[in-house]
Amino acid sequence: MSVPRFWRKLDSRYNLKGTHCVECGEYFYPPRNTCVNCRRQGQIEAYRFKGTGEIVTYTVIHTAAEGFEKQAPYTLAIIKLDEGPSLTAQVVGSSVNAYIGMRVRSVFRKLGEGGERGMIYYGTKFIPVDG
Amino acid sequence: MTIGIVSYGAYVPRYRIKIEEIARLWGDDAEALKRGLMVYEKSVPDVDEDAATIAVEAARSAVARCEIDPSRIGAVYTGSESHPYAVKPTSTIVGQAIGATPVMTAADFEFACKAGTAAIQACMGLVSSGMIDLGLAIGADVSQGAPGDALEYTAAAGGVACIIGKKESEIAAIIEDTYSFTTDTPDFWRREGMAYPEHGGRFTGDPGYFKHVTNGARGLMEKIGTKPEDYDYAVFHQPNGKFPSRVAKLLGFSKAQIEPGLVVPKIGNTYSGSCLMGIAATLDQAKPGDRIFATAFGSGAGSDSFSITVTDKIEEIRNRAPTVAELIKDPIYIDYARYAKHKGKIRLS
Ligand SMILES: [Zn+2]
């Protein structure tokens, strides 16, 4: 990942910042500037997600991508946030194996690093609410 | 003018390693170590945790506890001896991650284990002068002890954040006064680029910890005219369980006064988080009107002492974020191999 590309999305990665359409009530993550339902009638506002949700599906990664080697094996999951949208993120810090329907909440963690000399990428991961 | 703690938040990683497990690897006597150190297990960061992520978690907890608008925070100061970057302030990451940016000042502090309390003092100054509305001071570390070194038994991870303000209706604990005692003492250091610190053997006890903590503590009590028996609780920097217990006795504080804040036996030395973790654990159970005496120590060396009185506000904010006891319970125990991986002691290239 390039430094400028990461930096442009930094605030939405750190703080789960998305958008919300006041007109129809739909939430968007990543943020959208127009509502898919209401088009030009939509009224979009910034929204910070609560960070709670549940696992829709998951997989355990053993062969990690570059910059993630030290974290393998790790659990990568699709998480449905309570407000509606889904996102892909790591689930960490669990004493039990992940399962579909597991309740999770967001935490601030290191996503990866650009080698020894490169930037450290921070962002959102999830931990189980119980266990 | 009244200055004080508007809110506080703590964070301790969930992983622990027992003294027995470290001693097993090096062939040391675990029972003798536990008796000598009064430490039984220590916290270990996850593979993706560092001083910045710990500082953010503690800061978010502090913001959640008092429900203030983070844009009111005019200064973010993070004290640590394990800042993830040599150049690039941890405090910028924290400021962004709690929504306090962009109109704020920020800097990182370093003073071994007392960088967090030095940050509190700086915030007190800025708040009382009117330069800022609220200040956020953090002590957070993922401390390193070289494999096989005595420090490896206690070097742990954790952090505490305090929001400092002066609106009387918002203060949960009044800081009545603070006093510092500093000299150039070679008890502990780490050179740039080195992975592990060095300690100056006989310097670590009497000329380091005990001299600075006793002089600092007595200095503050003399300055404001208080005695140990005027306080309900006391917290002293806890590199192990033995030092704070001994220094409390030397100063005339009782075991009962230090007991609620003595968290080191279960989590180890959280360095910049150490004394603040004790203060947080004490605030978790103190009642309005209770007085807390606290002295942080940092090698190099110096101490910062604080005289604190808890207000009615504490009852309102206390349960909005996890207490230290809640953070400590339900740990995941790991073996030395996993510990080595978590701490990055295994190099892949
Ligand atoms: Zn809409």
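The values are calculated or read from the model by the stated rules, or taken from the named source; none is laboratory data. Because the structure is predicted, anything quoted here is derived from the model rather than measured. FYI the Cβ positions are ideal-geometry reconstructions off the backbone, even for glycines, and counts take in every protein chain you see. Ligands, DNA and RNA are excluded from the accessible area calculation, which covers all protein heavy atoms including side chains. Shrake-Rupley method; radii C 1.70, N 1.55, O 1.52, S 1.80 Å.
Counting, for every residue in B:92-100, the Cβ atoms of other protein chains within 10 Å of its Cβ and taking the mean gives 3. Accessible surface buried by the A/B pair amounts to about 2000 Å², both sides summed, 1.4 Å probe.
How much accessible surface does B:Asp312 have with a 1.4 Å probe, in Å² rounded to 10? Spelled out: B:Asp312, probe radius 1.4 Å, area about 120 Å². Near A:Pro31: Cβ cut-off under 15 Å, other residues only, Lys/Arg at +1 and Asp/Glu at -1. The net charge is +2.
Relative to one another, the C-alpha centroids of region B:38-85 and region A:64-128 are positioned 19 Å apart.
Per-residue shielding of A:115-123, expressed as the average number of other chain Cβ atoms within 10 Å of the residue Cβ, stands at 3.
Restricting region B:129-204 to trypsin sites (Lys or Arg not before Pro) that sit in a DSSP loop and have at most 10 other Cβ atoms within 10 Å of their own Cβ leaves B:Arg191.
Across B:Ala172, B:Ala137, B:Ala23, mean-square fluctuation computed from a Gaussian network of chain B (C-alpha pairs under 10 Å connected) peaks at B:Ala23.
When a/c reaches 1.5 or more, the comparison of a/b and b/c decides; with that in mind, is region A:1-48 rounded, prolate or oblate per its Cα gyration tensor?
prolate
Region B:271-347 and region B:214-262 have their alpha-carbon centroids 16 Å apart. With just the Cα atoms defining each centre, how far is region B:98-159 from region B:1-30? Give it in Å. What the calculation gives is 16 Å, centre to centre.
Averaged over residues, the count of other Cβ atoms within 10 Å places the peptides A:45-55, A:24-34, B:150-160 in the sequence B:150-160, A:45-55, A:24-34, highest first. Judged by a Cβ-Cβ distance under 4.7 Å, the unpaired cysteines of chain A are A:Cys24. Computed with every protein chain present, the accessible area of B:Arg218 is close to 110 Å² [probe 1.4 Å]. Backbone amide hydrogens, once placed in the peptide plane, bring A:Leu111 within less than 5 Å of A:Tyr121, A:Tyr122, A:Gly123, excluding anything fewer than 5 places away on its chain.
Using a ≥ b ≥ c from the Cα gyration tensor of the protein assembly as shown (square roots of the eigenvalues), is it rounded, prolate or oblate, where a/c under 1.5 gives rounded and otherwise the larger of a/b and b/c decides, a/b for prolate? Taking the square roots of the gyration eigenvalues as a ≥ b ≥ c, the protein assembly as shown is oblate. Among B:Pro244, B:Pro102, B:Pro70, which one shows the highest mean-square fluctuation when chain B is modelled as a Gaussian network with alpha-carbon springs under 10 Å? Result: B:Pro102 has the largest fluctuation of those listed.
In the complete set of protein chains, residue-level accessible area for B:Tyr333 is approximately 110 Å², probe 1.4 angstrom. Shape of region B:295-349 from the C-alpha gyration tensor: oblate (a/c of 1.5 or more and a/b not above b/c, with a ≥ b ≥ c the square roots of its eigenvalues). For region A:50-131, with all protein chains present and a 1.4 Å probe, just round the carbon and sulfur fraction of the accessible area to a whole percent. The computed percentage sits at 50. When each of the peptides B:289-301, B:37-49 is scored by the mean number of other C-beta atoms lying within 10 Å of its residues, the order from highest to lowest reads B:289-301, B:37-49. Using the rule -39500 (n - 2.57) for each DSSP H run of four or more residues, divided by the residues of the protein assembly as shown, the 222 nm mean residue ellipticity is -7000 deg cm²/dmol.
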